[in-house]
1. Specify which of the listed residues (Glu113, Glu156) is of a type in the set (Asp, Glu) and touching a Ser or Thr at 6+ places or on another chain (Cβ under 9 Å).
2. Six or more apart or on different chains, Cβ atoms under 6 Å: show the pairs whose first residue is in segment 48-69 and touching a residue at least 60 places away in the same chain (Cβ under 8 Å) and crowded, with 16+ Cβ neighbours inside 10 Å and whose second is polar (S, T, N, Q) and not in a loop (DSSP other than H, G, I, E, B).
3. Looking at segment 19-29, can you tell me whether even one residue there is under 20 Å from Phe102 (Cβ atoms), touching a residue at least 60 places away in the same chain (Cβ under 8 Å) and of a type in the set (S, T, N, Q)?
4. For segment 80-99, name all the residues that are without any contact (Cβ under 8 Å) to a residue 60 or more places away in the chain and either under 22 Å from Ala150 (Cβ atoms) or surrounded by 20 or more Cβ atoms within 10 Å (Cβ to Cβ) (or both).
5. In segment 127-157, which residues are closer than 17 Å to Lys97 by Cβ, surrounded by 24 or more Cβ atoms within 10 Å (Cβ to Cβ) and among the hydrophobic types (A, V, I, L, M, F, W, C)?
6. Can you find a residue that is in contact with a Lys or Arg (Cβ under 8 Å, 6 or more places away or on another chain) and either of a type in the set (A, V, I, L, M) or farther than 23 Å from Ser122 by Cα (or both) anywhere in segment 42-65?
7. Failed condition for Phe102, given (1) under 20 Å from Gln15 (Cα atoms); (2) more than 19 Å from the chain's Cα centre (by Cα); (3) surrounded by 16 or more Cβ atoms within 10 Å (Cβ to Cβ), with all others met?
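Values in this text are rule-based calculations from the coordinates and carry no lab data. Quantities reported herein were computed from a predicted structural model and do not represent experimental measurements. Because the Cβ atoms are built from the backbone with ideal geometry, glycine has one as well, and the counts that use them run over all protein chains shown.
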Amino acid sequence: MPEKTFQEILEHVEQKAGDYEELYGSCAQGTLLALQEEFGLGDAQTLKAATAMPGIALRGEACGAVIAAIMALGMVFGREKPDDFKAVQRTTSAARKLCKRFEEEFGGCTCREVQHNIFGRSFNLVDPNDQAEFVKADAIRKCRAPAQKAARIAGELILEGRKKA
C-alpha cells in the first residue's frame, strides 16, 4: 500500500479531529485523539487527561484544541531529561508557531476569543442557561473548526520536525 502524502495526512487528521470533536463534544479530546492516532502518540490515559481541558474546565480560558495540540507537540518533541534544554526550545518554538497561526485564524487562543470569532459572542459555559444557548447555537458542530485547525497545524509542525530530524 502506498504511503500517504503530507497533504493526505493533514486532511485525514483534520477530518478526524472534527469528527471526534463532535463525538466527544470536546475540542481537546477531538484534537488530541486525531493526533494520537495519526502519529502514534500517548495512550488512553493521555486522552482521559484531556477531559476537562476545553476552556480550562469550561471557564473560557485556553482553548482545549490548542492545549491538546501543544500536548501532542510535547509528546513528539518534548524533553525526557531535566537538562535537555534543546528539547524545551524545540517544543516551545513549535508551540509558539501553533499559537500564532491559530490566533491568525480565530483571533486568539482562549475559548472566549474563539467563541466570539465563531458565534459573535462568548458563552459562560459554567452557567446552565448560557450552556443551553451554546448548544442551541449548534456549538458542537461549529466547534469542529478550531479542533480541525489546531490538529492540522500541529500535524504540519510534527511532519516538518520529523522531516528535519
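1. Glu113
2. Ala65/Thr31; Ala68/Thr31; Ala69/Thr31
3. no
4. Ala87, Val88, Gln89, Thr91, Thr92, Ser93, Ala95, Arg96, Leu98, Cys99
5. Ala150, Ala151, Ile153, Ala154
6. Yes, because at least one residue in segment 42-65 is in contact with a Lys or Arg (Cβ under 8 Å, 6 or more places away or on another chain) and either of a type in the set (A, V, I, L, M) or farther than 23 Å from Ser122 by Cα (or both).
7. Evaluating Phe102 over (1) under 20 Å from Gln15 (Cα atoms); (2) more than 19 Å from the chain's Cα centre (by Cα); (3) surrounded by 16 or more Cβ atoms within 10 Å (Cβ to Cβ) leaves (2) as the failure.
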